[in-house]
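Computed from the coordinates by the stated procedures, all read-outs in this text should not be read as laboratory data. Owing to the predicted nature of the structure, the values given are computational and were not obtained by experimental measurement. In this analysis, Cβ positions are derived from the backbone assuming ideal geometry, glycine residues included, and neighbour counts consider all displayed protein chains.
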Amino acid sequence: MRTDQTLKGVLLAFSSFAAYSWSDASVKMIEGALTPYEMGFFGAVFMLAGFPYLMKPGDRWLDVVRSTNRPLWVLRFFSAAMGTVGSVAAFTYLSMAEAFALIFLLPSFVTIMSVVFLKETVGIRRWSAVIIGFVGVLVILRPGFRELSIGHVGAVFAGLSGAISIIVYRAIGPSEKNISLYGAGVLGVLVILGVLMIPDFRWPTLSQWAMLAGYGLLGALATVWLMYAANHAPAAVIGPTQYSQMLWAILFGYLVFGDRIDLPMLIGILLIIGSGLLTLARERARHVPLPASVATDPQAAAVTVPNNKSDM
């Protein structure tokens with residue numbers, strides 16, 4: 001019976017990351033016709049649809065803004081806005097494969113932040129994974145040999161935002177409701193990006209509305225599926241499924257956007273993915289309470305670990 005539950009969790013996780021990939025592709029299809037602030041804001045508006053499905057028995061609507069640790073809730077509020085702008089910029093200006101590769105530095109950022117802020121002891125293997133990841137970035141970016149764009153900066157910020165979400169989860173632990181952490185992220189995007197988009201606001205066209213709806217609704221669906229996946233399968237099993245997004249990125253890039261992957265980029269992608277998998281393996285061995293995923297979406301880290309007895 002447990003095997004069936006684990007398989008269900010894995011399938012839900014793969015479905016979740018497929019939905020995240022389609023969501024990111026929807027942003028890219030807008031082709032920068034709207035500012036990242038506006039795209040992020042309307043995406044968050046559509047993501048509000050996920051709230052009813054993320055609420056658990058005993059949750060109340062006021063729990064969205066309640067917190068057991070207000071400073072960390074506020075940190076997530078601001079970091080989610082930063083990560084959303086970064087990811088939108090990354091998928092707008094970079095190929096999907098390159099954007100994902102850079103955002104997948106997230107496990108390396110988690111390791112560094114764990115040492116600095118949580119005072120965790122990190123061994124040579126996890127530091128080796130960090131080094132491998134950054135070597136992969138240098139191989140992809142080839143500084144001095146190719147032009148870097150705002151998309152590269154955005155991808156790094158998106159990875160940092162996701163890492164902050166995981167560090168916040170580790171610091172708060174099971175005392176914070178998932179709906180509160182999710183709410184901090186969505187509200188942060190709505191408030192901050194809602195203000196920033198005003199100077200250059202453009203009313204979206206019908207086709208752009210469709211893409212924005214796909215971005216937000218698919219992101220909400222992916223988050224809900226990922227939460228349910230975490231209720232059926234352990235984190236160590238679900239974690240590696242996130243890298244299936246790279247397959248979607250290559251597929252979308254080739255069939256839809258005309259992207260090509262050269263040999264250095266392929267090598268860099270493999271190094272970064274290897275770094276992430278090595279980090280996940282070490283986290284599993286050390287029984288570190290890592291969320292079930294280090295997904296590229298900043299919302300994912302907030303909802304992937306059951307935190308109520310009713311979830312068990």
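Taking chymotrypsin sites (Phe, Trp or Tyr not before Pro) in DSSP loop conformation with at most 16 other Cβ atoms inside 10 Å as exposed sites, the chain has its longest uninterrupted site-free stretch at 1-144. With a/c under 1.5 counting as rounded, go ahead and sort the stretch 12-138 into rounded, prolate or oblate using the C-alpha gyration tensor (a ≥ b ≥ c being the square roots of the eigenvalues; past the cut-off, prolate if a/b is larger than b/c, else oblate). The shape class here is oblate. Taking label positions 7 Å along the Cα-Cβ direction at both K56 and R125, the computed distance is 3.0 nm, reported to one decimal.
Rounded to a whole number of µm²/s, how large is the Stokes-Einstein D of the chain at 37 °C and 0.692 mPa s, given Rh as the Kirkwood radius over C-alpha pairs?
Values: Rh = 19.2 Å.
Result for D is 171 µm²/s.
Would you kindly state the longest site-free stretch of the chain, with sites defined as GluC sites (Glu not before Pro) in a DSSP loop (not H, G, I, E, B) surrounded by at most 13 other Cβ atoms within 10 Å? My reading of the result: 148-312 is the longest stretch. With kT/(6 pi eta Rh) evaluated at 25 °C and eta = 0.890 mPa s, and Rh the Kirkwood radius from Cα pairs, the stretch 78-207 diffuses with a coefficient of 150 µm²/s according to Stokes-Einstein.
A Cβ-based charge dipole, computed about the Cα centre of the stretch 27-157 with Lys and Arg at +1 and Asp and Glu at -1, lands at about 440 debye. For the stretch 184-234, rounded, prolate or oblate, judged on the Cα gyration tensor with a ≥ b ≥ c (square roots of eigenvalues), a/c < 1.5 rounded, else prolate if a/b > b/c? It is oblate, given that a/c is not under 1.5 and a/b is not larger than b/c. Each residue in T223, T35 was given a count of other beta-carbon atoms within 10 angstrom of its own, and listing them fewest first yields T35, T223. Overall dimensions of the stretch 12-83, expressed as equivalent-ellipsoid semi-axes from the Cα gyration tensor (√(5λ), whole Å, largest first), are 26, 18, 11. Per-residue 3J(HN,Hα) values for the stretch 76-93, derived from phi via the Karplus relation 6.51 cos²θ - 1.76 cosθ + 1.60 with θ = phi - 60°, read 5, 3, 7, 5, 5, 5, 4, x, 5, 4, x, 5, 5, 5, 4, 6, 6, 9 Hz in sequence order (x marks Gly and Pro). Charge dipole (Cα centre; +1 on Lys/Arg Cβ, -1 on Asp/Glu Cβ; no other charges) of the stretch 2-307 amounts to roughly 840 debye. For the pairs K8/K56; K28/K177; K8/K119, flag any whose C-alpha to C-alpha distance is greater than 27 Å. Beyond 27 Å between Cα atoms: K28/K177; K8/K119. Counted by Cβ distance under 14 Å from T35, the other residues give a net charge of -2, where Lys and Arg count +1 and Asp and Glu count -1. Farthest towards the positive end of the charge dipole of the chain, among the residues I192, L255, L7, is the Cα of L7, using unit charges on the Cβ of Lys, Arg, Asp and Glu. Within the listed set I269, I124, I132, the Gaussian network model of the chain (springs between alpha-carbon atoms below 10 Å) gives the highest mean-square fluctuation for I124. For the chain, adding -39500 (n - 2.57) for each run of n ≥ 4 DSSP H residues and dividing by the number of residues yields -21500 deg cm²/dmol at 222 nm.
Which one of A90, M55, F42 has its Cα pushed farthest toward the positive end of the charge dipole of the stretch 1-146, where Lys and Arg give +1 and Asp and Glu give -1 at the Cβ? The Cα lying farthest towards the positive end belongs to M55.
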